[in-house]
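Chemist: My structure is below; once you've seen it, I'll send some questions.
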Amino acid sequence: MEDNTKISSLLRMIDVRIRMDLDERNEEFQLTSMQVRILVFLIEHDDREINPRDLEHYFRISKPTVTGVLKRLEEKGYLHYEPSGKDLRYKQIVLDDKAYQCAKQLHARFEAMERKLYQGLSDEELELTRSLLLRLLDNISKEEEVVQ
């Protein structure tokens with residue numbers, strides 16, 4: 001049987017399954033998949049100053065989305081803000097002890113989800129998939145003329 005499911009639908013289905021998997025794995029921390037992704041990113045890059053704008057660019061998400069996720073992480077005690085040492089217009093994100101206490105578990109669970117996702121794929125297939133997905137992301141991110 002031929003599968004004619006649209007690629008955009010497949011991408012959405014994969015995203016939903018990833019979210020569900022991460023939500024289930026991290027239920028004890030009461031963190032959403034996006035909160036986990038941002039925390040893991042911040043933990044992996046804790047050797048440099050990160051501000052909310054960096055997260056907007058890296059994850060290609062809106063300022064209100066970043067603001068909301070960071071606000072909830074701050075309320076839960078995972079991070080706080082300090083004035084930026086590089087640019088006074090920005091606040092740098094500083095991880096609190098609570099983030100570091102669960103860092104290994106979050107990272108391990110995130111990697112477990114990725115292993116599950118990538119099982120049965122060769123390194124070449126993963127690299128091709130990454131390349132194609134980046135092209136799709138670039139295509140959809142380009143400003144488009146409005147057709148009237």
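Chemist: Out of the residues in the stretch 79-98 that are among the hydroxyl-bearing types (Ser, Thr, Tyr) and under 16 Å from Asp47 (Cα atoms), which is modelled with the lowest pLDDT?
Modeler: The residue in question is Ser84.
Chemist: What number of residues in the stretch 47-64 are assigned to a helix (DSSP H, G or I), of a type in the set (D, E, K, R) and either within 23 Å of Tyr100 (Cβ to Cβ) or touching a Leu at 6+ places or on another chain (Cβ under 9 Å) (or both)?
Modeler: 1
Chemist: Turning to a different aspect of this structure: Within the stretch 1-54, which residues are among the β-branched types (Val, Ile, Thr) and either more than 17 Å from Thr129 (Cβ to Cβ) or touching a Gly at 6+ places or on another chain (Cβ under 9 Å) (or both)?
Modeler: Of everything in the stretch 1-54, those that are among the β-branched types (Val, Ile, Thr) and either more than 17 Å from Thr129 (Cβ to Cβ) or touching a Gly at 6+ places or on another chain (Cβ under 9 Å) (or both) turn out to be Val16, Thr32, Val36, Ile38, Val40, Ile43, Ile50.
Chemist: If we scan the stretch 85-99, do we find a residue that is of a type outside the set (Asp, Glu) and in contact with a Gly (Cβ under 6 Å, 6 or more places away or on another chain)?
Modeler: Yes.
Chemist: Follow-up. The conditions are (1) charged (D, E, K, R); (2) closer than 26 Å to Glu24 by Cα; (3) without any contact (Cβ under 8 Å) to a residue 24 or more places away in the chain, and Lys63 fails exactly one of them. Which is it?
Modeler: (2)
Chemist: Would you point out which residue out of Ser33, Ser62 is surrounded by 11 or more Cβ atoms within 10 Å (Cβ to Cβ), at pLDDT below 95, of a type in the set (S, T, N, Q) and within 25 Å of Ser141 (Cβ to Cβ)?
Modeler: Ser33
Chemist: If I filter the stretch 81-112 down to residues being farther than 12 Å from Ile50 by Cα, exposed (fewer than 14 other Cβ atoms within 10 Å of the Cβ) and of a type outside the set (Lys, Arg), which single residue comes out as farthest from the chain's Cα centre (by Cα)?
Modeler: Leu88
Chemist: Quick one: count up the residues across the stretch 71-86 that are in contact (Cβ under 8 Å) with a residue 24 or more places away in the chain and farther than 14 Å from Gln30 by Cα.
Modeler: Selection size over the stretch 71-86: 4.
Chemist: Would you be able to tell me the number of residues in the stretch 9-18 that are under 10 Å from Met113 (Cβ atoms) and among the basic types (Lys, Arg)?
Modeler: 1
Chemist: Can you find even one residue in the stretch 7-23 that is of a type outside the set (Gly, Ala, Ser), surrounded by fewer than 17 Cβ atoms within 10 Å (Cβ to Cβ) and in a loop (DSSP other than H, G, I, E, B)?
Modeler: No, the stretch 7-23 has no match at all.
Chemist: Just checking, does the stretch 114-127 include any residue being within 18 Å of Met34 (Cβ to Cβ) and either surrounded by 10 or more Cβ atoms within 10 Å (Cβ to Cβ) or at pLDDT 95 or above (or both)?
Modeler: Within the stretch 114-127 (the criterion being within 18 Å of Met34 (Cβ to Cβ) and either surrounded by 10 or more Cβ atoms within 10 Å (Cβ to Cβ) or at pLDDT 95 or above (or both)), the answer is yes, since at least one residue qualifies.
Chemist: So, one more: When the residues of the stretch 36-59 are narrowed to those that are surrounded by 17 or more Cβ atoms within 10 Å (Cβ to Cβ) and among the charged types (D, E, K, R), which ends up nearest to Phe110 (Cα to Cα)?
Modeler: Arg37
The values are calculated or read from the model by the stated rules, or taken from the named source; none is laboratory data. Predicted, not measured: the structure shown is a model, and the values here were computed from it. Glycine also receives a Cβ, built like all others from the backbone with ideal geometry; neighbour counts cover every protein chain displayed.
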